[in-house]
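Each reported figure results from applying straightforward, stated rules to the coordinates on display, with no laboratory input. Just so it is clear, the model here is predicted, and its values are computed rather than measured. With ideal geometry, Cβ positions are generated from the backbone for all residues, glycine too; neighbour counts draw on all protein chains shown.
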Amino acid sequence: MSKNLYFTKEHEQVRKAIRDFVNKRINPFVDEWEEAGIAPLNELFKEMGELGFLGIRYDPKYGGEGLDYWYETVMLEEISHIRCGAIPMAIAVQTNMATPAIDEFGSDYLKEKYLQAAIRGEMVGAIAVTEPDAGSDVAALKTFARRDGDVYVLNGSKTYITNGTQADFLTLLARTSEEPGYRSFSLFVVPTDMPGFKVSKKLDKLGMRSSDTAELYFDDLRVPVAHRIGEEGEGFIYQMQQFQHERFSALPMAYIGGEDMIRETVDYIRGRVVFGKPLIKKQVLRHRLVQWVSELECLRQLTYHIVRLKEAGQDATREISMGKLLGGDLLNKIADGCLQMHGGMGFMNEMRVSRFFRDTRLISIGGGASEVMSDVIAKLEGW
Ligand SMILES: Cc1cc2nc3c(=O)[nH]c(=O)nc-3n(C[C@H](O)[C@H](O)[C@H](O)COP(=O)(O)OP(=O)(O)OC[C@H]3O[C@@H](n4cnc5c(N)ncnc54)[C@H](O)[C@@H]3O)c2cc1C
């Protein structure tokens, strides 16, 4: 078990409150939501908002708790104990993907109307960046917002959007100029109750089954200019910064999820007798588990180093990209290895390991694939 140098009694109180909520209000319902292919986010977020879990870092002026990145890490660690990947992801979309740019660059109007509602859990947010022809290469996106007086007229489509069928607003990146280069994009808050918005499809997925992932379509949707986050032409830069909050959230999900899975696997192989002895007696398996917990511990300590960098106001893009790269690839290895140790039982849907195997596969793809993280790191190294 990891030793604690960083968390105080106050952090542990917050940890306990979130853990209790997860154990009482989320985990008992996960199987039902996974089966249904959707979770009641409006209801769930309302409860979490009332308890202050959705605005840990945000300004109390807008209903936030005004706490630091250590508290945010506590929150991310605790939601990572949820018994599936989809619900932690849905929550992280609300706290670390759809709202950081509104908090950092949005007007008072956007903060009062959307950030506050997201913090209170009165609105569900989604982040709309990816398009059918623009995933890893974000700058290839085609959705266009054409200025027309006091509005932007939005046309195009987005795909793989988490919380997409339930979202009340989207934080959306669109092109606002045909010029090449990174200054041709703007970031918007797009309410989903406006004419011209359509959920074209709810997507069927390998894993993250209780997360509703959607393809969205915009047909002459008139977004008020007041819904632009910050300056026109700066959206790409804002989104690159917002990605740092998103990618950071993947780190606790990786080491907590991995540790939980290892714990369950150890329980299983303690009880499973093969060739006359419990499987845990096999040194080869114990050594493999030790290798994984060692690597997860490194990831945890890198995460805490990143928190210290963030608290010191330093840029942590290099370290966050490294953590996302290592965490994604590590979880692929651990999920595969834990399933193997369960034998045929690991292949059964009733076992959590099979869900873990399906869900964790996303970490090295979503929010910037491992290869994209490698490109970012290589660039920062000057290679
Ligand atoms: C379940 C799910 C939920 C998602 N949620 C959201 C969401 O809420 N909002 C949103 O905007 N997006 C979301 N996404 C999209 C996700 O971020 C993209 O899938 C991801 O960025 C990869 O883009 P792509 O799928 O277009 O892959 P592509 O860009 O087509 O890349 C395919 C593969 O090519 C490889 N590759 C890419 N670039 C390089 C490179 N430079 N060098 C070498 N190899 C490379 C990688 O292995 C990559 O996986 C979600 C995706 C999924 C599956």
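First measure r as the distance between the Cβ atoms of ALA378 and ALA312, then evaluate 1/(1 + (r/R0)^6) with R0 = 25 Å and state the FRET efficiency to the nearest 0.05. Write down the numbers at each step before the final one.
Details: r = 25 Å, r/R0 = 1.00.
The calculated FRET efficiency here is 0.50.
Given the Cα-Cα distance of GLN13 and LEU203 and 0.36 nm per residue of separation, how much length would full extension add, in nm? Could the numbers behind the result be given before it?
Working: separation 190, 0.36 × 190 = 68.40 nm, distance 3.85 nm.
Length gained, GLN13 through LEU203: 64.5 nm.
Restricting things to alpha carbons, find the Rg to Rh ratio for the stretch 132-205 using the Kirkwood radius for Rh. Don't skip to the answer; put the middle values down first.
On the way: Rg = 12.8 Å, Rh = 13.4 Å.
Looking at the stretch 132-205, the ratio lands at 0.96.
Taking θ as phi - 60°, what are the ³J(HN,Hα) couplings along the stretch 269-278 by the Karplus curve (6.51, -1.76, 1.60), each to the nearest whole Hz, with x for Gly and Pro?
6, 5, x, 8, 8, 9, 6, x, 9, x
Report the longest stretch of the chain that contains none of the GluC sites (Glu not before Pro) sitting in a DSSP loop with at most 12 other Cβ atoms within 10 Å.
Values: sites that count: GLU178, GLU350, GLU381.
Longest site-free region, per DSSP loop and neighbour criteria: 1-177.
Take the alpha carbon gyration tensor of the stretch 93-247, find the square roots of its eigenvalues, order them as a ≥ b ≥ c, and report rounded if a/c is under 1.5; if not, report prolate when a/b exceeds b/c, else oblate. Don't skip to the end; give the middle numbers.
Numbers: a/c = 1.30, a/b = 1.13, b/c = 1.15.
Rounded shape, in that the Cα axes give a/c under 1.5.
Sort the stretch 1-74 into rounded, prolate or oblate with this rule: let a ≥ b ≥ c be the square roots of the eigenvalues of the Cα gyration tensor; rounded if a/c is under 1.5, and if a/c is not under 1.5, prolate when a/b is larger than b/c, oblate otherwise. Walk me through the intermediate numbers first.
Values: a/c = 2.70, a/b = 1.38, b/c = 1.95.
The shape class here is oblate.
So if each residue of separation counts as 0.36 nm, and I subtract the Cα-Cα distance between VAL225 and PHE29, what length gain in nm does that give?
Values: separation 196, 0.36 × 196 = 70.56 nm, distance 4.07 nm.
Separation in residues times 0.36 nm, less the Cα-Cα distance, equals 66.5 nm.
VAL273 label point, 7 Å along Cα→Cβ, cut-off 17 Å on backbone N: hits in the stretch 326-341?
Once the point is set 7 Å along Cα→Cβ of VAL273, nothing inside the stretch 326-341 turns out to lie under 17 Å by backbone N.
Amide H of SER107 versus every other amide H placed in the peptide plane: which residues, excluding those fewer than 5 positions away on the same chain, fall under 5 Å?
Here the answer is GLY230, since their amide H atoms fall under 5 Å of that of SER107.
Specify the inter-centroid distance of the stretch 215-240 and the stretch 295-335, based on alpha-carbon positions, in whole Å.
The two parts, judged by their Cα centres, are 30 Å apart.
Take the alpha carbon gyration tensor of the stretch 99-156, find the square roots of its eigenvalues, order them as a ≥ b ≥ c, and report rounded if a/c is under 1.5; if not, report prolate when a/b exceeds b/c, else oblate. Don't skip to the answer; put the middle values down first.
Details: a/c = 2.37, a/b = 1.45, b/c = 1.63.
Oblate shape, in that a/c is at least 1.5 and b/c is the bigger or equal ratio.
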